[in-house]
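Structure, as structure tokens:
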Amino acid sequence: MDRFVGLKKAIMLSIIGLLLFLIGYSIFLVISPHIELKGNDKIEVVVGTKYLEKGYSATYGNSNLNNLVKVKGEVDANKIGEYKIEYKVNYNGITKKIFRTVVVKDSERPTITLKGSSDTTVCPNTTYQEEGYQAIDNYDGDITTKVKVTNEKDQVIYTVQDAAKNDSIKIRNLKTDTEKPIITLKGFKNVTIGVNQNYVEAGYEVADNCDKNIHSKVKTIGFVNNKKEGIYHITYQAVDEAGNKNEVTRVVRVVNSKEKGLGKVIYLTFDDGPSRSITPKLLDVLKEENVKATFFVINHAKELDYLIKREYEEGHTVALHSYSHNYKKIYSSKEAYLDDLYNIQNKVYQIIGYKPTIIRFPGGVSNTVSRRYSKGLMTTLAKEVENQGFRYFDWNITSKDAEGGKASATKIYNNVVKNLNYSSNIVLMHDFENNNGVIEGVRKIIQYGKSHGYTFASITESTPDYHHKINN
Ligand code: ZN
């Protein structure tokens, strides 16, 4: 009985307790403020970007309590981590708190950069030598040391993972050598000589991306029978170590020496002028004979400007030789050479209002003097001047007018005519001070040429290149 009454009492008390709690809670709800977040309560932010706070809204009934809200906690968007922000409002003695979690994380992949090419040629009998790489992560910085390199047969695979486990992969393809050797003919591609005249082989240059011994592998096929008229082909053939083959052919025509007008051209060229004593007389001879020539000029006294003008106005080609003509200076470096070249170009431009682009290296491209001052310079310059829009010309006949002081007209004449061939003849002469032999020598050469079917021409943009072999 007692126990039953006790139980009934306990139930009654519980119900009353519950009722009291419900009433209390209802009152609490009615008098407590309300706060809620704008935007999500969990936000992810990429490290290094900006965290944008979306705000909150706190109310009591219809009234806005936003200005009573206290925010605690800050987000450093430049630092990976989980940040908690607390929003707290107190009203009617009641405090309400809510939270937002902001996760700053690194979701960006690192970047792998390859040094060298992503398609690398592996030369025969060599193994690939790592050319290098770098891995940079937006958050971790330089993680190059974490890169894993796997060498496959025809690929190198680079992988890396940053601290946030973002992966990157990069592939370098390894190719076998498929590049042909490059053969460049020296001298003219088409040569014409007279019967019984000596054929002089001008040679070639050869280069290969891989094969360092390519020079010894060139085969020259064909021959010239200078006793017999005909067309002869000389083929220069090269096969590199990987089996890539290339060939170039020179056509040599042997013609009856009495035959005329077979493109027999003489280019008279004069270096190192103008000069007071020679150039005016030389121009007179050329005028009388109605022959155009080419002048590779150097710097000169102001009062000789009129000679450059005269050369130009009388239809000759004004071309560039050098400003200083000082080998030691111009062949000390690429920059020094170009500086000197542009100086003479500018000087000529001031006189005739035209910038010549036809040039001749002092000593020719074949000169060995430049070795003394800068190794390999001529190889560099030959390419560089062409890159900069110039064309250079060497010679295939020298008058030897400058050898041993000065030569007589007869000597100059003999040196030239005995070497004339039946295609193109670029004759080296000089119109520097007191080189007297050249004046009458030139007249005799012109008269010989005219009576033997030659034409005379100045070097122009349409003249085929004539280059010596480079020796430095
Ligand atoms: Zn010179």
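The values are calculated or read from the model by the stated rules, or taken from the named source; none is laboratory data. Owing to the predicted nature of the structure, the values given are computational and were not obtained by experimental measurement. Positions of Cβ are generated from backbone atoms using ideal geometry, with glycine treated the same way; all protein chains shown enter the neighbour counts. Heads up: the accessible areas ignore ligands, DNA and RNA and are worked out on the full protein's heavy atoms, side chains in. Shrake-Rupley method; radii C 1.70, N 1.55, O 1.52, S 1.80 Å.
Under 15 Å from the Cβ of Asn64, count the other residues' Cβ atoms, weight Lys and Arg +1, Asp and Glu -1, and hand me the total.
Working: positive: Lys38, Lys96; negative: Glu36.
Summing Lys/Arg as +1 and Asp/Glu as -1 gives +1.
Radius of gyration (Cα atoms) of the chain, expressed as a multiple of 2.2 N^0.38 Å: 1.94.
Among the protein heavy atoms of segment 256-456, carbon and sulfur supply 47% of the accessible surface, probe 1.4 Å, non-protein parts ignored. Projected onto their three principal axes, the Cα atoms of segment 367-466 cover extents of 42, 33, 22 Å, largest first. If you take the charge dipole of the chain about its Cα centre, with +1 on Lys and Arg Cβ and -1 on Asp and Glu Cβ, which of Ser408, Ile445, Thr184 is farthest toward its positive end? It is Thr184, whose Cα lies furthest towards the positive end. Among the GluC sites (Glu not before Pro) in segment 1-92, those placed in a DSSP loop whose Cβ has at most 11 other Cβ atoms within 10 Å are Glu74.
Looking at the square roots a ≥ b ≥ c of the eigenvalues of the Cα gyration tensor of segment 1-62, which shape do they give, rounded for a/c under 1.5, prolate if a/b is larger than b/c, or oblate? Show your work: numbers first, answer last.
Values: a/c = 10.52, a/b = 2.84, b/c = 3.71.
In terms of gyration-tensor shape, oblate.
Out of all DSSP beta bridges in the chain, what portion is antiparallel? Express it as a percent rounded to 5.
On the way: 54 of 91 bridges.
Taking every DSSP beta bridge within the chain, about 60 percent pair in antiparallel fashion.
How high is the relative contact order of the chain, given as a whole-number percent (alpha carbon pairs under 8 Å, six or more residues apart)? Relative contact order comes out at 12 percent.
Relative to the 2.2 N^0.38 Å rule of thumb, segment 182-254 has a C-alpha radius of gyration ratio of 1.22. Taking all protein chains into account, the per residue accessible area for segment 31-105 stands at 64 Å² (1.4 Å probe). Within the same chain, lysines fewer than 8 places from Lys50 are excluded, and of the rest, those with a Cα less than 18 Å from its Cα are Lys38, Lys42, Lys79, Lys84, Lys105. Reported value for segment 1-105: 140 Å³ per residue, from the convex hull of its C-alpha atoms.
The distance linking segment 107-175 with segment 195-250 is 43 Å (Cα centroid to Cα centroid, whole angstrom). In the frame of its principal axes, segment 111-176 has Cα extents of 41, 17, 15 Å, reported largest first.
Taking a straight Cα-Cα cut-off under 21 Å and skipping sequence neighbours fewer than 8 places away in the same chain, the lysines within cross-link reach of Lys411 are Lys281, Lys400, Lys444, Lys450.
Per residue, segment 348-472 exposes 43 Å² of solvent-accessible protein surface, assessed with a 1.4 angstrom probe and all protein chains in place.
At a probe radius of 1.4 angstrom, the accessible area of segment 116-246 per residue rounds to 59 square angstrom.
Could you please report the charge total around Lys175, scoring K, R as +1 and D, E as -1 over all other residues with beta-carbon less than 9 angstrom from its beta-carbon?
Working: positive: none; negative: Asp119, Asp154, Asp177.
Summing Lys/Arg as +1 and Asp/Glu as -1 gives -3.
Among residues other than Tyr331 with Cβ under 9 Å from its Cβ, the summed charge is +4 (Lys and Arg +1, Asp and Glu -1).
Taking each DSSP H run with n ≥ 4 as -39500 (n - 2.57) and averaging over every residue of the chain yields -7500 deg cm²/dmol at 222 nm. Taking amide H atoms as placed 1.01 Å from N in the peptide plane, the amide H of Tyr56 lies under 5 Å from those of Lys38, each 5 or more residues away in sequence or on another chain. Placing one equal scatterer on every Cα of segment 169-292 and applying the Debye formula, the log10 ratio I(q)/I(0) at q = 0.10, 0.12, 0.13, 0.20 Å⁻¹ is -0.56, -0.70, -0.75, -1.05. For segment 256-456, the percent of C-alpha pairs falling in each 5 Å distance bin, counted from 0 to the bin holding the largest distance, reads 1, 7, 16, 19, 19, 16, 12, 6, 2, 0.
Solvent-accessible area of segment 31-105 (1.4 angstrom probe, protein heavy atoms only): carbon and sulfur portion equals 46 percent.
Once the gyration tensor of the Cα atoms in segment 347-397 is diagonalised, the equivalent ellipsoid follows with semi-axes of 23, 13, 11 Å, ordered largest first.
Could you list the GluC sites (Glu not before Pro) in segment 240-310 that lie in coil according to DSSP, counting only those with at most 15 other Cβ atoms within 10 Å of their Cβ? Those that pass, being in a loop and sparsely packed, are Glu259.
Under the criterion of Cα pairs below 8 Å and six or more residues apart, the relative contact order for segment 182-254 equals 37 percent.
Taking one quarter of the surface of the C-alpha convex hull of segment 314-388 gives a mean projected area of 5.0 nm². Within the accessible surface of segment 182-254, defined with a 1.4 Å probe on protein heavy atoms only, the carbon and sulfur portion equals 51 percent. Listed by chain and number, the lysines whose C-alpha is less than 20 Å from the C-alpha of Lys153, apart from same-chain residues fewer than 8 away, are Lys115, Lys170, Lys175.
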